[in-house]
Amino acid sequence: MVVILKNNASETQIEDVKKHLEDYGFQIHESRGEVKTIIGAIGVKPGFDIRKIKILDGVSDVYRVTVPFKMASRNFKEGNTVIKIGNIEIGTDEIVLMAGPCAVESEDQIFRLAKVVAESGSKILRGGAFKPRSSPYSFQGMGEEGLKIMRAAADEYGLLVVTEVMQIHQIELIEKYTDIFQLGARNMQNFGLLKEIGNTSTPVMLKRGLAATIEEWLMSAEYILANGNSEVMLCERGIRTFETYTRNTFDLSAIPVIHEKSHLPVVADPSHATGYRTHVAPMARAAVAAGADSLMIEIHDKPEEAMSDGPQALLPKDYLTLVQELKVIAKAIGRNL
Ligand code: PEP
Ligand code: MN
């Protein structure tokens, strides 16, 4: 249930409404916008008469939220969630770029690529140190050593770090090195991991599951939010369909749908969505046009030697060109990049 307070509701009235909600046994979440205060009440019993709340002083409107996700719902919060990390903000008119290799492979490699990321004006360095590989015989990532060198490369070039956490026991270690946790597609419904990530205060990028509906994806975000971490962004990375000419099918329409249903920022990952470098730039351009708040793109300067996902990595020169094109598209829709 969502309770919208009148614009001129006094502090005493707001407190009184909260007290009533608590007395009725609701768990409450308050969101104060510039003009409006909205109180989300979780735990509404089917027969509860919402007029009991509607008649309280200071209340403008009350309605039931019919979608199963509550805290992730746009009804629950006025305005967009903006995730602030240092001097970077994700979820504003400024589109934030994340780029880097699929996997951290060596100190030399991550420093070379961090330099490209910084030169392009992108703000966040991506790279996996723990890799979710389809085969147990494939390169599994450099582990802590990879985290250390990625942190050092990011610090050297003034970048933030986003890296994947695959298991609960890695949270503490990875938190020491990263600015953003990446929760991978394969773990989107690892509810134990989602809950534990919800107990941290580190921002999270939750990737869409391989065959997850938008509602299932938002329910996974809800796990993190309900456990207390409100810094969640959602990453569209393509879904599995019958199509075989691309690695996955990029669900571009998920971007406006999420913006309609949720206040959380949306990141687009055209690299995993398409799987081939020739398709990455067109889909990146489309993602900006569709309203993505951020893009995550894999780059490599020696893709033929890459230990994972070489075929979808953009060469540095192509990434630099793409960023210039994205700036033009962003401007055309009233955003900056
Ligand atoms: C990745 O970003 O390197 C990755 C493994 O992505 P996904 O979880 O979307 O497959
Ligand atoms: Mn990858």
Difference of contour (0.36 nm per residue) and Cα-Cα distance, Glu216 to Gln189: 8.9 nm
Reachable aspartates and glutamates, given that their alpha-carbon falls under 16 Å from the alpha-carbon of Lys70 and they are not under 8 places away in the same chain: Glu30, Glu78, Glu215, Glu216, Glu222, Glu231, Glu260
Globularity ratio of region 50-161, using Cα Rg and 2.2 N^0.38 Å: 1.63
Calculated [θ] (222 nm, deg cm²/dmol) that DSSP helices of n ≥ 4 give over the chain, each run adding -39,500 (n - 2.57): -10000 deg cm²/dmol
Positive-end residue of Gln324, Ile88, Ala152, charge dipole of region 83-332 with Cβ unit charges: Gln324
Ordering of 326-334, 67-75 by packing [mean C-beta count within 10 Å, highest first]: 67-75, 326-334
Potential extension, Lys115-Arg133 segment - 0.36 nm per residue separation minus Cα distance: 3.8 nm
Per-pair calculated FRET efficiency, R0 = 22 Å: Glu144 and Gln167 via Cβ, rounded to 0.05: 0.95
Semi-axis lengths (Å, descending) of the ellipsoid that matches the C-alpha gyration tensor of region 179-300: 24, 14, 13
Intensity falloff of region 1-83 expressed as log10 I(q)/I(0), Debye formula with alpha-carbon point scatterers, at q = 0.12, 0.13, 0.22 Å⁻¹: -0.31, -0.36, -1.05
Per-bin percent of Cα-Cα distances, region 133-184 [5 Å]: 4, 20, 28, 24, 15, 7, 2
Normalised per residue, the volume of the convex hull around the Cα set of region 83-332 (Å³): 115
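Values quoted throughout were computed directly from the atomic coordinates according to the rules given, and no laboratory measurement underlies them. Owing to the predicted nature of the structure, the values given are computational and were not obtained by experimental measurement. Virtual Cβ from ideal backbone geometry, glycine too; neighbours counted across all protein chains shown.
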